[in-house]
Amino acid sequence: MLKQLTIHNYLLVDDLEVSFDSGLTGITGESGAGKSILLGALGMLLGERARSDSVRPGSSKADISAEFTLSPGSDLQARLIEDELIEDGDQSCLIRRVISAEGRSKAFINNIPITQQYLKKVGEQLVDVQDQNEHLRLVDRHVQRTLLDDFAGLKAQAAEVRERHRTWQQSVSEIERLSQELANQEDRKNLLTYQLEEFDQAAIGANELAHLEQEQRRLAQAQTILNTIEQAQQQLESLDPLRQSHRLVMEIDDEHPGLKAAQETLASALTLLDDGAKDLRHYQEQVVVDPASLAEVEARLGLFMDLSRKHRVAPDQLSRHADELREELDSMTADTSRLDQLVTDEKQQHQAYRRQAERLAADRRAAAIPFAQEVSQHLKALSMAEGELLLAFNEQESEHGLEQVEFQVTTNSKFAPGPLGKIASGGEQTRISLAIQMVAAAKSDLPCLVLDEADVGVGGTTADTIGRILRSLAEHTQVLCVTHAPQVAALANHHLCVIKEGASTQIMSLYPEQRIDELARMLAGADVTDKTRAYAQTLLEEASAE
């Protein structure tokens, strides 16, 4: 329940503090006085997007706070305790929103910072604000299903269905992912097998490339080598002058060390030259001009280059790369046990979801009849004598169950029922919307319901009926109703009046005499007479008598 609302520097409000009680509270005031400010401030506290123009001109920030009473044992109380925002056993919380002139905002619960998303989730469990266009929202089938679940007390059951559907879908997604992973692994195995077959056919040796490159160079320049060797041999064969010099020096009869050294050096030089010529002849025998062998070697080198480009590795790393591919292939195992278990789990989870969803579907269909009957009764009370609501169920498996719920109405017994948005006129949609809201809210555990001119477009007896429905609803749910209908305002347990004083807006709680004046204004406008005051007093007396 909303206990108190405090507003500082928000729109036209300088400082405002409003207290609220249980039951039905009527909120009235002249058009343009600023009744929407109250709803706007509540919207900020419920997580709506902050705007810089929300701040009162000339102020640096707007500050809005509200105190709420929590239902003992409610899901919201348990969540706030779990998140350490309230102490165990606390039955109230303070929500605060601060908006800067630049449009930035901060949110708090009991002075502990929270995110806007968290604030919105909390707000959804504290207050339900329904504006003048609520009938447009009711066209949404998600909203229609939620209203039926609220009426039938199926929120927990619907949440269980959503959880089972989520668990089942997680397994479905994991099966798809793992199946794709195994398929990719099989594709990789096939690729590795094909690549290794290529390497096996190529039979690449560990040091083969260096040998091939050396052989290719030798074969490619064989003729040039032979020509060079031929020239060198001719030069070596013309060493007779050197040999003659050696013999002359050897014939000198002198024991001088210098002569001995020269003789030994010349002898060694001739010996080395002879050995060199012998080695050169041996090498010459190995050099063969062989175009066929050269073509084979170059073809082999071409194979190395092709594999190098294909596998994007250096030619001298091909042998090592082949070993790595073989190791990867050997390490791959197609273990499908995890997938097999997932498939088994998925079937069980789907069956569990179906069982729970079938129970939910049965309970929804069972609740649809009394829900439609109660709404239809309210429609007749709201001057729609032939108005009737029917609920249609269309099969559609989803997280919400096994069906879609569609509200269908008829406003004339001569015509078949049809969708809410297509059958009823604007005024009829408003009354149908109100009837549906009242029936659903009567079974809802939401602690506070705010209605923005739910009685728009109606008056007289119909407005009186709306007021009585709202007061009956307020016996177990706090109801705040912005209204222009004096019949509704008179039936309220509490009456707040919005007053515009200059550039500021104020909200005051009315005493009985003040209520008479306000009801008279609502009845007659600016021309308040004793007669309208008397009628206003009659409305209050009749409301009090009941």
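FYI, it's all coordinate maths here, none of it is from the lab. Since this is a predicted model, take the numbers as computed values, not measurements. Neighbour counts are summed over all protein chains in view; Cβ atoms, including those assigned to glycine, are modelled from backbone coordinates with ideal geometry.
Summary table below
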quantity: Longest to shortest principal axis, alpha-carbon extents of the chain, angstrom; calculated: 167, 57, 45
quantity: As computed over segment 269-403, the Cα convex hull volume per residue (Å³); calculated: 280 Å³
quantity: Hull volume in cubic angstrom per residue (convex hull over the Cα atoms of segment 1-48); calculated: 86 Å³
quantity: Overall form of segment 24-67 per C-alpha gyration tensor (a/c, 1.5; a/b vs b/c); calculated: oblate
quantity: Pairs of alpha carbons in segment 343-401 whose separation is greater than 16 Å (percent); calculated: 58 percent
quantity: Dipole of the chain, positive end: most advanced residue of PHE108, VAL129, TYR118 [Cβ charges, Cα centre]; calculated: VAL129
quantity: On Cα atoms only, tilt of 291-311 relative to the major axis of the chain in degrees; calculated: 20 degrees
quantity: Tensor-based shape of segment 236-282 (alpha-carbon gyration tensor, a/c under 1.5 rounded, otherwise prolate or oblate); calculated: oblate
quantity: Debye, to nearest 20: dipole size of the chain, +1 on Lys, Arg Cβ, -1 on Asp, Glu Cβ; calculated: 2720 debye
quantity: For segment 330-433, size of Cβ-based charge dipole, Lys and Arg +1, Asp and Glu -1, in debye; calculated: 640 debye
quantity: In segment 312-356, the trypsin sites (Lys or Arg not before Pro) that fall in loop regions by DSSP, at most 11 other Cβ within 10 Å; calculated: ARG312
quantity: Separation in nanometres of the label points that stand 7 Å from Cα toward Cβ, at LEU280 and SER504; calculated: 12.0 nm
quantity: Of the GluC sites (Glu not before Pro) in segment 39-139, those whose Cβ has at most 12 other Cβ within 10 Å and which sit in DSSP loop; calculated: GLU84, GLU87, GLU102
quantity: Convex hull per residue volume in Å³, alpha carbons only, for segment 142-232; calculated: 179 Å³
quantity: Using distinct alpha-carbon pairs, which all enter the 1/r mean, Kirkwood radius of segment 69-202 in Å; calculated: 20.4 Å
quantity: Residue (of GLN214, ALA202, LEU303) at the positive-pole extreme of segment 184-331, dipole from beta-carbon charges; calculated: LEU303
quantity: Amide H contacts under 5 Å for GLY23, placed H, 5+ residues apart; calculated: GLN478, VAL479
quantity: Farthest toward positive dipole pole in the chain [+1 Lys/Arg, -1 Asp/Glu at C-beta], among GLN506, ALA368, GLN317; calculated: GLN506
quantity: Computed over segment 184-331, Kirkwood Rh from alpha-carbon pairs, angstrom; calculated: 20.4 Å
quantity: Value at 222 nm in deg cm²/dmol, rounded to 500, when DSSP H runs of n ≥ 4 in the chain each add -39,500 (n - 2.57); calculated: -19000 deg cm²/dmol
quantity: Square roots of 5 times each gyration tensor eigenvalue, C-alpha, segment 4-163, largest first, Å; calculated: 28, 21, 16
quantity: Ranked list, fewest to most other Cβ atoms within 10 Å of each Cβ, for SER331, SER245; calculated: SER331, SER245
